[in-house]
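Below: one structure, written as structure tokens.
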Amino acid sequence: MATYKGIQGYTVQKLSSDPTASEVAGQLWYNSTTGKFKIGTAGAGTWATGNNINTARRYLSGVGSTTAGLVICGNSTPPNLCESYDGTSWTEVGDTSANIMTRGRSGTQAAALAAGGVNGGAQANCESWNGSAWTEVNNINTSKYAFAGAMGLQTAAIIAGGTPPATPADAETWDGTCWTEGNNINNARNSGAGIGTTTAGLIFGGTPPTPSLGVHTESYNGTSWTETNNLNVGRYGIGGSGLQTAGLAIAGGTPTWVASTEQWDGTSWTEVGDLGTAVRWAGSSTVTGTDSAWNAGGLVATPASTATTEIWTNPVYAIKTVTVS
């Protein structure tokens with residue numbers, strides 16, 4: 001039988017030291033210092049169970065990272081609870097001043113923004129979080145909840161879609177002081193997710209008029225929205241985490257509950273590891289990239305809410321020695 005070296009010769013790259021594992025997944029090279037052939041590998045990204053939030057609820061929002069997170073509001077009693085995450089456990093902190101659930105979110109654990117929501121009817125309230133307390137700021141222009149997009153920072157954010165009226169397409173931007181009407185999204189929707197920033201954003205999923213399930217993805221360049229590649233599974237009540245160039249679409253409803261996660265590489269969506277429990281209307285992190293994320297609370301069955309938190313870890317990269325004949 002012909003050997004690899006007999007067919008190819010020594011055409012693999014020769015290096016004096018091993019490169020960074022995450023940069024060479026699937027690649028083969030020869031380490032001239034050790035005299036060994038090496039290959040880069042990547043395991044599948046996975047979800048693992050973390051510590052529960054203190055109060056089980058759905059229709060909540062989330063911001064922050066896997067070491068510094070925040071969940072806001074939900075359908076608890078009262079519906080204005082706020083909990084912070086230190087990477088291990090959740091602690092109740094300063095509640096919002098308005099008893100409102102399903103609020104749009106933006107920012108970090110130390111500097112967040114919560115807007116809109118529902119409390120007997122759609123609300124326009126907007127509040128700013130400084131790490132210890134919430135302060136009322138200027139309202140959004142249109143009272144609504146279940147935004148399809150809520151992304152950015154405490155000083156620069158954007159919301160899009162939502163309800164009522166039925167599946168609107170309007171978008172509003174926040175400059176740190178007030179909200180301004182911007183260009184509409186292409187596909188009116190509610191109950192989708194938004195990630196990224198006010199100059200490089202992405203919205204996906206939701207419930208548009210037709211089709212009844214949301215597969216649409218749109219990117220934002222700071223001025224206008226552009227349709228791009230669809231989700232593989234259309235859904236609403238979906239979670240989102242990451243950036244315009246590297247994001248996650250988490251769980252949701254089709255209308256049955258789904259646990260699937262899709263990863264965005266800046267161009268298209270790929271199905272990756274499922275959550276342990278199918279859920280919708282959960283809160284999720286707003287971390288940069290897809291190496292880590294969390295998904296907390298949500299609706300797991302009618303009418304059951306959950307307190308479960310799941311933590312996402314991206315593929316584990318490694319370098320292995322191989323025998324090449």
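Before moving on, here are some points about what is shown:
- Flag if Ala246 is closer than 26 Å to Met101 by Cα and aliphatic (A, V, I, L, M): no
- Qualifying residue in segment 87-95 (condition: modelled with pLDDT of 95 or more, of a type outside the set (D, E, K, R) and at positive phi): yes
- The residues of segment 250-277 that are open to solvent by less than 30 Å² (accessible area, probe 1.4 Å) and of a type outside the set (S, T, N, Q), listed by number, are Ile250, Ala251, Gly252, Gly253, Val258, Ala259, Glu262, Trp264, Trp269, Gly273, Leu275.
- Among the residues of segment 290-308, those identified as of a type in the set (Ser, Thr, Tyr) and under 12 Å from the mean Cα position of the chain (by Cα) are Thr290, Ser292.
- Looking only at residues of segment 187-208 that are closer than 17 Å to Gly253 by Cβ and either in a loop (DSSP other than H, G, I, E, B) or touching a Cys at 6+ places or on another chain (Cβ under 9 Å) (or both), we find that the one that is most open to solvent (accessible area, probe 1.4 Å) is Thr207.
- Test: Gly176 is of a type in the set (Gly, Ala, Ser), open to solvent by 20 Å² or more (accessible area, probe 1.4 Å) and more than 20 Å from Leu243 (Cα to Cα): yes
- Check on Gly289, open to solvent by 10 Å² or more (accessible area, probe 1.4 Å), touching a Gly at 6+ places or on another chain (Cβ under 7 Å), free of Cβ contacts under 8 Å to residues at least 60 places away in the same chain and at positive phi: yes
- Among residues of segment 53-76 that are closer than 15 Å to Leu153 by Cα and assigned to a strand (DSSP E or B), those with a beta-carbon under 8 Å from a residue that is of a type in the set (D, E, K, R) and open to solvent by less than 10 Å² (accessible area, probe 1.4 Å) at least six positions away or on a different chain give the pairs Ser61/Arg103; Leu70/Glu83.
- Meets criteria (more than 25 Å from Ile203 (Cα to Cα), touching a Gly at 6+ places or on another chain (Cβ under 7 Å), in a strand (DSSP E or B) and open to solvent by 20 Å² or more (accessible area, probe 1.4 Å)) for Ile311: no
- Taken together, Thr290, Thr226, Thr321 contain a single residue that is hydroxyl-bearing (Ser, Thr, Tyr), modelled with pLDDT under 95 and part of a strand (DSSP E or B), which is Thr321.
- Of the residues making up segment 296-303, one or more are open to solvent by less than 40 Å² (accessible area, probe 1.4 Å), farther than 21 Å from Thr207 by Cα, part of a strand (DSSP E or B) and modelled with pLDDT of 90 or more.
- The single condition among (1) modelled with pLDDT under 90; (2) closer than 16 Å to Val71 by Cα that Ala115 does not satisfy is (1).
- Among the residues of segment 156-169, those identified as touching a Lys or Arg at 6+ places or on another chain (Cβ under 7 Å) and either open to solvent by 40 Å² or more (accessible area, probe 1.4 Å) or among the β-branched types (Val, Ile, Thr) (or both) are Thr163, Pro164, Thr167.
The values are calculated or read from the model by the stated rules, or taken from the named source; none is laboratory data. Just so you know, these numbers come straight off a predicted model, no measurement behind them. Ideal geometry is used to build each Cβ from the backbone, glycine not excepted, and the neighbour counts take in all protein chains shown. The area values use the complete protein model at the heavy-atom level, side chains included, leaving out ligands, DNA and RNA. Shrake-Rupley method; radii C 1.70, N 1.55, O 1.52, S 1.80 Å.
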